[in-house]
1. Determine if the stretch 17-30 includes at least one residue that is among the small types (Gly, Ala, Ser), outside any helix (DSSP H, G or I), within 12 Å of ligand 2 (Cβ to nearest atom) and over 30 Å from residue 143 (Cβ atoms).
2. May I ask you to verify whether residue 63 is more than 9 Å from ligand 2 (Cβ to nearest atom), surrounded by 12 or more Cβ atoms within 10 Å (Cβ to Cβ) and β-branched (Val, Ile, Thr)?
3. Among 209, 158, which is the only one that is away from ligand 2 (no atom under 16 Å from the Cβ), in contact with a strand residue (DSSP E or B) (Cβ under 6 Å, 6 or more places away or on another chain) and closer than 19 Å to residue 105 by Cβ?
4. Every residue in the stretch 104-146 that is touching a residue at least 12 places away in the same chain (Cβ under 8 Å) and loosely packed, with under 12 Cβ neighbours inside 10 Å, please.
5. Report whether or not residue 101 is in contact (Cβ under 8 Å) with a residue 40 or more places away in the chain, over 27 Å from residue 197 (Cβ atoms) and among the hydroxyl-bearing types (Ser, Thr, Tyr).
6. Considering the stretch 76-103 alone, what residues qualify as being assigned to a loop (DSSP other than H, G, I, E, B) and surrounded by fewer than 14 Cβ atoms within 10 Å (Cβ to Cβ)?
7. If residue 57 satisfies all but one of (1) out of contact with any helix residue (DSSP H, G or I) (no Cβ under 8 Å at 6 or more places or on another chain); (2) among the charged types (D, E, K, R); (3) part of a loop (DSSP other than H, G, I, E, B), what's the number of the condition it fails?
Amino acid sequence: MFHLDDVTLIYDIDKTNKVYAIKNITTTFPDHGLIGIIGPSGSGKSTLMYCMSTLKKPTCGEILYQEKDIAISYTNMSKKDQEQLRKSKFGFVFQRHFLISYMSALENVIVAANCSKGEAMSRAKELLQKLGIKQSEFSKKPHQLSGGQRQRIAIARAMLHEPSVLFADEPTASLDHTTAFATMDLLLEYAKKHLVLIITHDGSILKDADQIIEIWDGSILDREATI
Ligand code: ADP
Ligand code: ADP
């Protein structure tokens, strides 16, 4: 479903200083399954995810999603088409959650819904419940909730429109052990029919992952990753 062919992204710090954030990455991702991306800080994990999700444009290389090159470097895919692709097919969980401060937990989950409000509400409630958020918390504003609760609201928001691909950067970082595993169960369930890509420093949450790839200095290591 995803095929990356020789994808490189170079950051030009200044005229003489270049950072090869990812280098000649060639790989394929299936259309469903949970895939963990591990590697040291600065190794290129986020850059890889940003390129695959069209948030960053690789310096060179092709990124095919459903056989179409979605990296604007070589194709006619406009910014508008990319935005449409992200809205319809991709979901994002970032380390910073970007919740809207004056909206309730429930409103934050349905803020970008592309279905009827009634439908969005019932799906949002179901997701929040599965993520262990109590009904009494639905009407609270982000500042009245814990970091872990905010994290789960961001996850529910990302899943609301049932994206084909869910990109998650440290989705369990601010969760306690029990909640982290409950969240992983939900993501694993979701990954039976969708692709879930997770960047993490915590290998223990990937024990049931379908695949783990390890990135080192901008390249995918050519060996089975161990956690
Ligand atoms: P992570 O915690 O996932 O490793 P980082 O803290 O490395 O993420 O990066 C956070 C943000 O800062 C990202 O959006 C990244 O693009 C940006 N960033 C990282 N390194 C640099 C840098 N050397 N110069 C400018 N921006 C950077
Ligand atoms: P990771 O997610 O594994 O921590 P990143 O993809 O954030 O790694 O970063 C890969 C490399 O690119 C690092 O050396 C980082 O400092 C650099 N980098 C990331 N974002 C930027 C940016 N916006 N400008 C310059 N350098 C960056």
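1. Yes: one or more hits.
2. When the stated conditions are applied, residue 63 passes them.
3. Checking each option against the conditions leaves just 158.
4. Scanning the stretch 104-146 gives 114, 139, 143.
5. Spelling it out, residue 101 is indeed in contact (Cβ under 8 Å) with a residue 40 or more places away in the chain, over 27 Å from residue 197 (Cβ atoms) and among the hydroxyl-bearing types (Ser, Thr, Tyr).
6. 76, 78, 96, 98, 100, 101, 102, listed by residue number.
7. Unmet condition: (1).
Bear in mind these aren't lab numbers, they're just calculated from the coordinates by the rules spelled out. These numbers were taken from a predicted model, which means no experiment stands behind them. Every residue, glycine among them, receives a Cβ derived from its backbone with ideal geometry; neighbour counts consider all protein chains shown.
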